[in-house]
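The values are calculated or read from the model by the stated rules, or taken from the named source; none is laboratory data. All values derive from a computational prediction rather than experimental measurement. Positions of Cβ are generated from backbone atoms using ideal geometry, with glycine treated the same way; all protein chains shown enter the neighbour counts.
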């Protein structure tokens, strides 16, 4: 990747002391996350040279290495998850196949969008969640020149993203409204306008302000989530919901539930490994 440096960046780099900061641009289908590995938010520019705030967020990365077999650059990025905010977001977001870009900037040269160093530009794999962090492997986009097939796993669970117009036959049901009341533990959101069948919204998600939670139960007038909303969520706040899928063929909330079996992306059965001694 190009390492052409602006004059300001070259000057900062050559100083005896400078103040570098790394920025993450996580390009997801519904939004782009702009994160700064710094105690405070940073004002810089986005990929289109528009002014952009990079939110202070603790993250780290491994050195960029080259895979011996594929000759493709790769790295791993770990993003802080102490508050569990990130784990809830990841549960409702498709990271696999999305783009992640790492820039290095200098705090004394933030006035020009050219004043950045592209450290890495790649495609993310499925993230791994621990109690304290999310870790995701990122492979250079050059890897697409050497794609191996088949591109999906031989498994019973559906491989497709629910609602993907290219693979799934369902247009994801959504609903918006205002909260009538919320339980003391901030797990149950009540609204009389939720009139769908019992557990219709199970496996889906609900968003209030900038917080998104998995729905584990729903019924007439309510939904229940897996992790409490913050104390700021209150009656009168607006919410939006989208339905979900359990990735099964007919286990309760998959293709059969959504009348979508012709688009099932898994395999109805996995052949057993036979012992050759049984034949003969």
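Of the residues in segment 206-216, not one is exposed (fewer than 14 other Cβ atoms within 10 Å of the Cβ) and under 23 Å from residue 97 (Cβ atoms). Criterion first (in a strand (DSSP E or B) and touching a helix residue (DSSP H, G or I) at 6+ places or on another chain (Cβ under 8 Å)) does residue 207 satisfy it? Criteria not met by residue 207.
Taken together, the residues in segment 251-262 that are surrounded by 12 or more Cβ atoms within 10 Å (Cβ to Cβ) and either part of a strand (DSSP E or B) or modelled with pLDDT of 90 or more (or both) amount to 8.
Taking residue 183 as the residue in question, decide whether it is within 23 Å of residue 237 (Cβ to Cβ) and in contact (Cβ under 8 Å) with a residue 40 or more places away in the chain. Talk me through it step by step, then tell me what you get.
Values: within 23 Å of residue 237 (Cβ to Cβ): yes; in contact (Cβ under 8 Å) with a residue 40 or more places away in the chain: no.
The answer is no for residue 183.
Collect the residues in segment 225-236 that are closer than 26 Å to residue 171 by Cα and surrounded by fewer than 19 Cβ atoms within 10 Å (Cβ to Cβ), keeping them in residue-number order. Within segment 225-236, just 226 meets the criteria. If you take the residues of segment 55-81 that are in a strand (DSSP E or B) and over 22 Å from residue 133 (Cα atoms), which of them is modelled with the highest pLDDT? Within segment 55-81, the match that is modelled with the highest pLDDT is 73.
Does residue 192 satisfy being loosely packed, with under 14 Cβ neighbours inside 10 Å and under 26 Å from the mean Cα position of the chain (by Cα)?
Values: loosely packed, with under 14 Cβ neighbours inside 10 Å: yes; under 26 Å from the mean Cα position of the chain (by Cα): no.
No; evaluated as a whole, the condition is false for this residue.
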